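What follows is a short report on a single structure.
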Amino acid sequence: MKAAAKFHAWILVRVSNKWSLEYVGQRIYQPKPIGCKPKTASNLVSEPGKKIRGLVADPVRWSDAFADRLVEALELWMKFRSLHNLGEFRRQEGGGFVFEGARSSGAGYGIDVEPGSRHEGCLTYEGKYIYGDYDLFDIVFPHTAKPEPVSQVPVGPKNAPKFQAVDYRGARWDEISTFLNNQLGFTLIQHGSQCDWKKDTFEAVEAFGPNGETQTWNAAETAQKYREWKWT
């Protein structure tokens, strides 16, 4: 709300996994970086002593943690695991799982494979478990005739190009994201907005307006607002 008022903009945030919020600010957890594409778990799991919900987790090991998002979660996980040459969990005939292959990658990612861990099967980055960040959908200046120009910024290890991601940032992203993260107290805004790289799909968003508005829009309502702003 402060940022929307300060910059005279509508700040639209994709609906977040509310279960990730409990990890914000805790020492052994960190928000999801731009190069991490797998999904965060959103459902409780039935196995006693395991805490998976709200964290990025292997959907093979924890299929019940993803419910109706399982197909997409599996597709993203397989691509990510292959890119980083990480191992995989295999279901045993007598029940349970066994992990085979590499537990960590040269890009800093790893998988907790300890059977006694409450976060077994969860992804780590630089030794910390990963929870969902705040995904910006867009930053809209409604009195501007058209969206501001976008810069493409490589992010990730320079000595390992295959692990790099491209961040798409609007002209005022640096100052707005810095203000937001300073107000939040943690770096929950990790990258540019979705509409800076893909403009043809509308989603449900949490919308914060320049006059103190706080609204939740479904995909159709989001599309209608863009028509009103003439930004489509």
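Each value in this text was obtained by applying a stated rule to the coordinates, not by laboratory testing. Given the structure is predicted, the values throughout are model-derived calculations rather than measurements. No Cβ is skipped: glycine too gets one built from the backbone with ideal geometry, and neighbour counts run over all protein chains shown.
Charge tally for TRP10 (other residues, Cβ to Cβ under 10 Å; Lys, Arg +1; Asp, Glu -1): -1.
Quick one: net charge around LEU83, please, counting Lys, Arg +1 and Asp, Glu -1 for every other residue with C-beta under 14 Å from its C-beta. Mind dumping the intermediate values first?
Details: positive: LYS37, LYS79, ARG81, LYS162; negative: GLU75, GLU88.
For residues surrounding LEU83, the net value is +2.
For LYS51, LYS199, the sequence from fewest to most other C-beta atoms within 10 Å is LYS199, LYS51. A simple packing score, the average count of other Cβ atoms within 10 Å per residue, orders the peptides 155-166, 78-89 as 78-89, 155-166, with the highest score first. Going by neighbour counts of Cβ atoms within 10 Å, the residues SER117, SER20 line up, fewest first, as SER117, SER20.
Hydrodynamic analysis of segment 88-130 uses the Kirkwood radius over alpha carbon pairs. Inserted into Stokes-Einstein at 20 °C and 1.002 mPa s, it gives a translational diffusion coefficient of 194 µm²/s. Using the average count of surrounding beta-carbon atoms within 10 Å as a protection proxy, the listed peptides 67-77, 94-104, 132-142 rank, highest first, as 132-142, 67-77, 94-104. When only the Cβ of Lys, Arg, Asp and Glu is charged (+1, +1, -1, -1), the dipole of segment 18-131 relative to its Cα centre reaches about 320 debye.
Using a cut-off of 22 Å between Cα atoms, the listed pairs LYS32/LYS162; LYS39/LYS162; LYS32/LYS128; LYS32/LYS230; LYS18/LYS198; LYS39/LYS79 include LYS32/LYS230; LYS18/LYS198 as exceeding that distance. Gyration tensor over the Cα atoms of the chain: the corresponding equivalent ellipsoid has semi-axes (square roots of 5 times the eigenvalues, largest first) of 34, 19, 16 Å.
Among 121-129, 214-222, how do they line up by average Cβ neighbours within 10 Å per residue, starting with the highest? List each step's numbers first, then the result.
Working: 121-129: 19.6, 214-222: 13.2.
In descending order of packing, they fall as 121-129, 214-222.
Using a cut-off of 12 Å between beta-carbons, work out the net charge of the residues near PRO31 (Lys and Arg +1, Asp and Glu -1, PRO31 not included). Walk me through the numbers before you get to the answer.
On the way: positive: LYS32, LYS128; negative: ASP133, ASP135.
Around PRO31, the charge tally is 0.
Which value in deg cm²/dmol, rounded to the nearest 500, describes the helix-derived mean residue ellipticity at 222 nm for the chain, given -39,500 (n - 2.57) per DSSP H run of n ≥ 4 and division by the residue count?
Rounded to the nearest 500, the figure is -5500 deg cm²/dmol.
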